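We did not get these values from a lab; they are worked out from the coordinates using the rules stated. What you see is a predicted model, and the numbers here were worked out from it, not measured in a lab. Reconstructed Cβ throughout: ideal geometry from the backbone, glycine too, with neighbour counts over all protein chains shown.
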């Protein structure tokens, strides 16, 4: 679907409004979605599309999952927000269920993924001062090149992408960047001032980059040996996306801190969380961190239902089962443009030898929605409730577009 193409009237109307009144900080495909269910969305003209982006892994449970929507409606009619000045009857249950599901002792709820990352950074620094005796104001956190952890000022401070940094300084100090997947570089970067290593098990935004086998496990061992916290950003990779509840489980790694967002609510409401041990979480005391909406009863009820759907519908196993056939079909495409097809579970990247945007536009015109990332990669991350037949059809559309 090229930009010079004449768009249907209703679609053009909404695009014109957004272009006129909205900030131009996104460049979406020219599709205006009005309805969604499961793995499919419908635009304002009534055309259906298979969603192969899944709101960046936020709708792992599928769009508008009836059980999650029912929990939202029921809770919205009871109480939506109490603030943390008072207790509510949903937060304790959410805390218990999330901790028990993932095997952590404590959790701290927030709203957006970026807020959860910020929370983990604050927690790691304070832990470094209180538990490790790092001199005040000198704690360092090691991060990876090509990381994507959000867009707050502190987070873009340690991004290696100029697009996320240009014009937004001055930046927050205290971060050391190493190449992703390079264990020797990580080891060399650890000093007595290092309090944590923040890493995505798979770099989704950078183009679905998967580290060498054994890297995460070795990094976890190194961090433990050197008294450094391992912070795993599982916002895009967690909650079934890669075939396990956490992507770290591919290497039997239990991070010191797990950061969740996106699919924690099934895409119904912003919910994020930081999970850790009682010892690490003890650095927080009343007043040291908070959020008016973090842990609100509506969010907690939604997240509890979203977790239950993941478990009851065995969506992590479903992701693992669907991934093999899809990867095989994508790798069988005899395209002159494809450099590599890589992925884990239903998080797949097709790296091309040219800009991917025209291909994502061509796919949209065929009824498949996905989006380019890092210019040259088509990222595929459909809702985990997608059917094998739907994926087979989608693979045919990719083949048509990539061999045209």
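Miscellaneous remarks
- Between residue 136 and residue 317, the modelled labels are 5.4 nm apart [label points 7 Å from Cα along Cα→Cβ].
- Per-peptide average of other Cβ atoms within 10 Å, ordering 303-313, 371-381, 159-169 highest first: 371-381, 303-313, 159-169
- With an a/c value under 1.5 for the gyration tensor axes a ≥ b ≥ c computed over the alpha-carbon atoms, segment 99-256 is described as rounded.
- Scaled against the 2.2 N^0.38 Å expected of a compact globular protein of N residues, the Cα radius of gyration of segment 146-199 reads 1.18.
- A simple spin-label model places the labels of residue 340 and residue 328 2.3 nm from each other, with each point 7 Å out along Cα-to-Cβ.
- Between residue 78 and residue 184, the FRET efficiency from the beta-carbon distance, with R0 = 45 Å, is close to 0.25.
- Our summary gives the chain a relative contact order of 24 percent, counting only alpha carbon pairs under 8 angstrom and 6 or more residues apart.
- Cα shape, segment 35-160, gyration tensor, a/c 1.5 rule: oblate
- Two-site FRET efficiency, residue 153 against residue 129, from Cβ-Cβ distance with R₀ of 25 Å, rounded to 0.05: 0.70
- For the peptides 75-88, 244-257, 323-336, 385-398, the ranking by packing is 244-257, 385-398, 323-336, 75-88, with the highest mean count of neighbouring Cβ atoms within 10 Å listed first.
- Counting neighbouring beta carbons within 10 Å and listing from fewest to most, the residues 237, 172 come out as 172, 237.
- Protection proxy ranking, peptides 23-30, 130-137, average beta carbon neighbours within 10 Å, highest first: 130-137, 23-30
- Extent along principal axes [Cα atoms of the chain; Å; largest to smallest]: 62, 53, 43
- Considering only Cα atoms, the convex hull volume of segment 362-403 works out to 70 Å³ per residue.
- Modelled label positions at residue 404 and residue 69, each set 7 Å beyond Cα in the direction of Cβ, lie 3.2 nm from each other.
- Shape category assigned to segment 165-248 from the gyration tensor of Cα positions, a/c cut at 1.5: oblate
- The stretch between residue 375 and residue 42 holds 117.3 nm of extra length on full extension. This uses 0.36 nm per residue minus the Cα-Cα distance.
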